[in-house]
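The next block holds one structure in the form of structure tokens; read it before the comments.
The values are calculated or read from the model by the stated rules, or taken from the named source; none is laboratory data. Quantities reported herein were computed from a predicted structural model and do not represent experimental measurements. As a convention, Cβ positions derive from the backbone with ideal geometry for all residues, glycine included, and neighbour counts pool all protein chains shown.
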Amino acid sequence: MRIFDTHAHISDTRFDIDREALIDRLKEKDVELIVDVGCDLRDVSKTLELTERYPFFYGAVGMHPHTAEYFGPEMADGLARLLERPKIVALGEIGLDYYYDLSPRDVQRRVFDEQLSIAALKGLPVILHVRDAIGESLDILRAHKRELIENGGVMHCFSGSVESARECLELGLMIGFGGSLTFKNNRRGVETAEFVPLDRFVFETDCPYLAPVPHRGERNDPSMIALVAEKFAEIKGITPDEAADIAFKNGMKLFRLG
């Protein structure tokens with residue numbers, strides 16, 4: 001099985017105790033590529049360090065909606081410079097989060113729109129975080145449809161309806177599936193997996209969060225994508241190896257690797 005974790009947070013403090021040992025083990029568990037997402041521009045040093053130290057690590061940087069209130073002109077300039085680094089392959093994760101509302105909603109919308117414009121200028125795909133805000137997020141994304149279709153992006157940890165997934169695909173986005181696909185009552189996730197074409201999905205962990213069943217509640221890591229592949233394969237009527245290989249190739253295409 002070839003595993004590409006397109007959305008990880010190995011830079012998270014929960015990995016401080018054993019980060020190097022974990023990374024050393026990942027190659028033995030079929031993990032070939034990882035995109036580490038640095039989503040607070042006040043400090044993305046650990047993400048940058050991982051991309052510089054390990055050949056199979058790439059990075060994404062952006063300002064998460066939780067911390068959108070800290071995003072100003074100086075930070076926007078710094079983000080533009082970070083996106084010029086050769087192993088930074090996407091801008092993200094960015095979007096709207098009306099579940100926690102840790103930044104004012106008007107600020108979230110403004111910063112989301114501004115970062116989409118920066119990604120367009122740099123010609124890079126975006127990694128999108130949307131929670132309890134799919135309608136307003138789609139309104140903003142529609143205004144950037146031309147650039148999204150040209151540069152691509154992924155709806156990270158998608159939890160919307162099939163109808164919303166259809167519009168995401170029309171906007172040029174891929175759909176990211178992670179551990180939540182294996183959760184017992186995730187009917188929407190199963191329906192979306194049934195609907196999404198085989199050339200428009202990727203696998204991700206969002207580790208250390210969202211570990212799949214039977215490890216739900218534990219610390220997640222990229223090797224657990226194998227369990228997501230098993231569930232997705234069951235839904236699609238293919239083998240887990242086929243599911244992982246297709247997701248791997250889709251991730252390569254999304255982030256223009258190889």
Checklist entry - Looking at (1) out of contact with any strand residue (DSSP E or B) (no Cβ under 9 Å at 6 or more places or on another chain); (2) surrounded by 18 or more Cβ atoms within 10 Å (Cβ to Cβ), which is the only condition P214 fails? => result (2)
Checklist entry - Looking at the range 132-142, is at least one residue in contact with a strand residue (DSSP E or B) (Cβ under 9 Å, 6 or more places away or on another chain), under 21 Å from A80 (Cα atoms) and either modelled with pLDDT of 95 or more or hydrophobic (A, V, I, L, M, F, W, C) (or both)? => result yes
Checklist entry - Looking at G251, G176, G189, which is the one that is of a type outside the set (V, I, T), surrounded by 20 or more Cβ atoms within 10 Å (Cβ to Cβ) and touching a Cys at 6+ places or on another chain (Cβ under 7 Å)? => result G176
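Take the conditions within 19 Å of the chain's Cα centre (by Cα), buried (at least 24 other Cβ atoms within 10 Å of the Cβ) and modelled with pLDDT of 95 or more and apply them to D5. Does it pass? Even if it seems obvious, please write down each step before you answer.
Working: within 19 Å of the chain's Cα centre (by Cα): yes; buried (at least 24 other Cβ atoms within 10 Å of the Cβ): yes; modelled with pLDDT of 95 or more: yes.
So D5 fits the description; yes.
So which of G38, G72, G78, G62 is in contact with a Cys (Cβ under 8 Å, 6 or more places away or on another chain) and not charged (D, E, K, R)? Break it down stepwise before answering.
Values: G38 fails: in contact with a Cys (Cβ under 8 Å, 6 or more places away or on another chain); G72 fails: in contact with a Cys (Cβ under 8 Å, 6 or more places away or on another chain); G78 fails: in contact with a Cys (Cβ under 8 Å, 6 or more places away or on another chain).
Just one listed residue meets the conditions, G62.
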Checklist entry - Given D30, D18, which one is of a type in the set (D, E) and either closer than 20 Å to Y209 by Cβ or without any contact (Cβ under 8 Å) to a residue 60 or more places away in the chain (or both)? => result D18
